[in-house]
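The values are calculated or read from the model by the stated rules, or taken from the named source; none is laboratory data. All of these numbers come straight from a predicted model, not from anything done at the bench. Cβ placement follows ideal geometry from the backbone for every residue including glycine, while neighbour counts extend to all protein chains displayed. Please note that ligands, DNA and RNA were not included when accessible areas were found on the heavy atoms of the full protein model with its side chains. Shrake-Rupley method; radii C 1.70, N 1.55, O 1.52, S 1.80 Å.
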Amino acid sequence: MRLLAAGHTVKSIAVRLERSEPSINERLRDARRKTGVGSSRELARLLDAQKNWDKKIDLSTQRSKTDEDLQRPGKRRLKSKGTIIMLIAIFAAAAGLMFAASDSMHQTAAPQAPQAAHSSAHQRMPLAGSWSLDVGRIPAEERPRRVTVQFRVSQDQTWTTKVEIVGPDGTSQHAESTAALDGVPVPVSGNMEAIDSVSLRQPAPNTLVMTLGKNGVPVSTRVYAVASDEKSMTETIIWAGNSIPTLETTYFNRIN
């Protein structure tokens with residue numbers, strides 16, 4: 001996993017570890033199947049980030065889990081260099097997307113009042129609907145069969161998110177959550193062992209910022225941005241860790 005996260009291919013890993021390529025691929029498939037993560041590189045980065053967070057926590061000095069004890073480690077984590085760098089990257093990405101969204105909305109303003117009202121209502125939730133990952137852009141050795149994401153907005157403005165990942169071997173992983181756009185973490189149901197909480201923010205009508213966590217520790221932040229034609233969407237992934245994160249981008253197409 002460390003070699004994969006460092007940019008090695010399955011072939012170069014096999015040479016370095018003196019193993020066959022099929023044996024390396026089999027181990028990667030087992031790891032994805034157990035954790036529910038869609039790609040091997042994503043799993044490698046997740047494990048590397050979790051290892052960095054574990055080093056920061058001195059388990060020998062923790063007391064009983066009172067409310068005060070649970071709050072203090074979170075405050076210390078927010079002061080860590082890796083988290084600060086991650087947040088800077090998130091805000092920078094979100095600010096750029098907000099500017100682009102604002103310019104797009106200005107250019108497409110409708111002249112007639114009834115049409116403008118309808119357009120305004122639609123612009124408030126361009127992410128709503130079902131999206132399918134463009135798996136053709138994923139490296140063949142870690143390409144899932146299918147990844148779908150569905151966003152549904154309720155009348156109380158809470159967002160329900162459903163994710164399904166079908167791995168190369170046909171194994172299905174799924175997750176579901178319902179959260180307000182207030183940044184407060186809520187539980188995630190399903191069988192994805194790599195995450196157990198999610199929080200949402202919406203800096204612009206065509207943008208959603210989603211932070212995923214496990215056991216109170218950030219795992220990754222994902223910025224979803226819908227194109228002006230509302231037929232395609234990008235997902236920019238920012239991984240938690242001690243170093244400046246590499247921004248990973250995936251591409252989705254609208255199903256409905």
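Couplings for the stretch 145-156, taken from phi via the Karplus curve 6.51 cos²θ - 1.76 cosθ + 1.60 with θ = phi - 60°, read 6, 7, 9, 10, 10, 10, 10, 10, 9, 8, 4, 7 Hz in order; Gly and Pro are left as x. Give me the distance between the Cα centres of the stretch 1-49 and the stretch 180-196, rounded to whole Å. Here the answer is 26 Å between Cα centres. For the stretch 210-217, 3J(HN,Hα) computed residue by residue from phi via the Karplus equation (6.51, -1.76, 1.60; θ = phi - 60°) reads 10, 10, 9, x, 9, 6, x, 10 Hz, glycine and proline entered as x. Taking every protein chain into account, the accessible area of the stretch 154-222 amounts to 43 square angstrom per residue (probe 1.4 Å).
Can you put Y251, Y224 in order of accessible area, largest first, using a 1.4 Å probe?
Numbers: Y251 85, Y224 10 Å².
Listed by decreasing accessible area, they come as Y251, Y224.
Here the alpha carbons of the stretch 139-183 define both size measures, Rg and Dmax, at 13.9, 42 Å. Taking amide H as placed 1.01 Å from N in the peptide plane, the amide H of S220 sits under 5 Å from that of L212, A240, each at least 5 places away or on another chain. Taking amide H atoms as placed 1.01 Å from N in the peptide plane, the amide H of S197 lies under 5 Å from those of V188, G213, each 5 or more residues away in sequence or on another chain.
Charge tally for K162 (other residues, Cβ to Cβ under 14 Å; Lys, Arg +1; Asp, Glu -1): 0.
Anisotropy class assigned to the stretch 133-256 is rounded, per the alpha carbon gyration tensor with a/c under the 1.5 cut-off.
Carbon-plus-sulfur fraction of the accessible area of the stretch 162-233, 1.4 Å probe, in percent?
Roughly 52 percent, rounded to a whole number.
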